[in-house]
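What follows is calculated from the coordinates using simple rules that are stated; it is not laboratory data. Everything numeric here is computed off the predicted structure, so don't read it as measured data. Reconstructed Cβ throughout: ideal geometry from the backbone, glycine too, with neighbour counts over all protein chains shown.
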């Protein structure tokens with residue numbers, strides 16, 4: 001479940017992030033560029049509205065015109081993953097990676113392998129993504145989850161600690177605290193949860209203390 005949740009997050013980022021055709025189309029005749037721009041708008045709008053068949057048709061049309069469009073393959077992979085067509089999703093991400101190597105494509109492949117319980121392959125994909133881009137906390141969290149599935153708890157803890165170094169947020173602190181609990185490191189878990197709780201209290205606002213109930217005489 002974690003894999004699809006994370007992938008859904010990446011998919012949402014891909015849909016909401018403004019992207020112009022100049023980022024994905026270069027050195028094409030003006031008429032073709034205009035056509036691709038219209039198709040790209042259709043694909044983006046259809047993904048936002050969860051009209052997957054319409055989005056798929058637009059992306060496939062883009063790829064017929066511009067068969068080396070790595071971004072379109074990535075979007076198509078996300079679309080297939082949302083529909084749990086995992087084999088097709090992996091193929092799209094791998095093609096995107098071959099055309100334009102990126103940590104995102106490798107990470108997406110890892111998420112699919114994780115979801116389909118191919119943990120060794122997932123670990124390899126995440127390792128390759130981390131080699132290219134080591135400063136994204138979500139990549140370390142995903143890698144940690146795979147290591148836990150493989151029974152490599154030390155690597156799991158190390159990856160989550162690295163995620164906290166990159167992004168010391170209440171969410172990552174609590175994820176690491178849960179991992180400490182599962183590895184019988186309760187004191188460290190308590191410390192992290194207290195730190196996460198303090199971060200959620202707005203600055204300048206005093207912590208509320210519960211008064212003891214009055215005794216009725």
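Here are the numbers:
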read-out	value
Once the Cα gyration tensor of region 138-199 is diagonalised, semi-axes √(5λ) in Å	18, 14, 7
R0 of 25 Å, Cβ-Cβ distance residue 35-residue 68: FRET efficiency to nearest 0.05	0.95
Gain upon complete extension [residue 54, residue 167; 0.36 nm per residue less C-alpha separation]	37.0 nm
Prolate/oblate/rounded label for region 85-130 (Cα gyration tensor, a/c 1.5)	oblate
In nm, spacing of pseudo-spin labels at residue 184 and residue 155 (7 Å Cα→C-beta vector)	2.3 nm
Relative contact order %, region 138-199, counting alpha carbon pairs below 8 Å whose residues are six or more apart	26 percent
Rough spin-label spacing in nm, given labels placed 7 Å along Cα→Cβ, for residue 100 and residue 132	1.1 nm
Sorted by Cβ density within 10 Å, fewest first, the residues 63, 53	53, 63
